[in-house]
Amino acid sequence: MTFSMNHFGNNGSLGNQMFQYAFLKSMSVKHSVPFCIPPNEIFGKYYYQKLFSNIDECFDFVVCRAVTNMTEFKEWVQEKFNNEHKNTLNNGILYLKGGDLSDELRNISYAQYDISDFFGEQFFETKKVIYIGF
């Protein structure tokens with residue numbers, strides 16, 4: 001297993017980038033696994049599809065920010081969940097998205113958590129965490 005982030009602080013400040021790096025490094029040390037930060041130019045929709053297809057482990061949650069539409073993302077990760085549920089929420093996807101999601105989530109059962117309920121900054125007004133249980 002390897003911990004990875006696609007890039008640091010896309011919309012953040014240097015302090016945020018330093019926090020992300022420290023978190024990634026500390027998690028990799030805590031779990032005795034390597035970490036990597038691939039160069040930005042290799043990322044895109046098909047990078048993530050390939051990444052998920054090469055992961056053999058199963059997880060309680062797959063946490064991701066918007067990389068493609070939800071129907072396609074569900075197909076990529078549907079076999080990546082543990083069968084045993086040990087948390088308040090059943091195992092599933094936690095997906096950070098912004099904007100109007102009604103068309104994308106039309107035929108999907110989900111719960112929506114508005115980030116603006118927790119943070120008052122204007123940036124978070126349209127941001128949501130979408131939970132889809134498996």
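Each value in this text was obtained by applying a stated rule to the coordinates, not by laboratory testing. None of the values given here were measured: they were computed from a predicted structure. FYI the Cβ positions are ideal-geometry reconstructions off the backbone, even for glycines, and counts take in every protein chain you see.
Mind listing which trypsin sites (Lys or Arg not before Pro) in the stretch 51-117 are in a DSSP loop and have 13 or fewer other Cβ atoms within 10 Å? Sites meeting the loop and neighbour criteria: Lys86, Arg106.
Each of Leu89, Leu94 was scored by other Cβ atoms within 10 Å of its Cβ. Arranged with the fewest first, they read Leu89, Leu94.
May I ask for the net charge around Phe118, where only other residues with Cβ less than 15 Å from the Cβ of Phe118 are counted and Lys, Arg are +1 while Asp, Glu are -1?
-2
When Tyr95, Tyr131 are arranged by Cβ crowding within 10 Å, least crowded first, meaning fewest neighbours, the order is Tyr131, Tyr95.
Cα-based count: Lys pairs in the stretch 57-134 below 19 Å, eight or more positions apart or different chains?
For the stretch 57-134, qualifying lysine pairs total 4.
The value for the stretch 57-134 of Rg(Cα) / (2.2 N^0.38 Å) is 1.12.
Rounded to the nearest 0.05, what FRET efficiency do Ser26 and Asp114 give with R0 = 25 Å and r taken as the Cβ-Cβ distance? Could you check? Once the sixth-power term is evaluated, E becomes 0.30.
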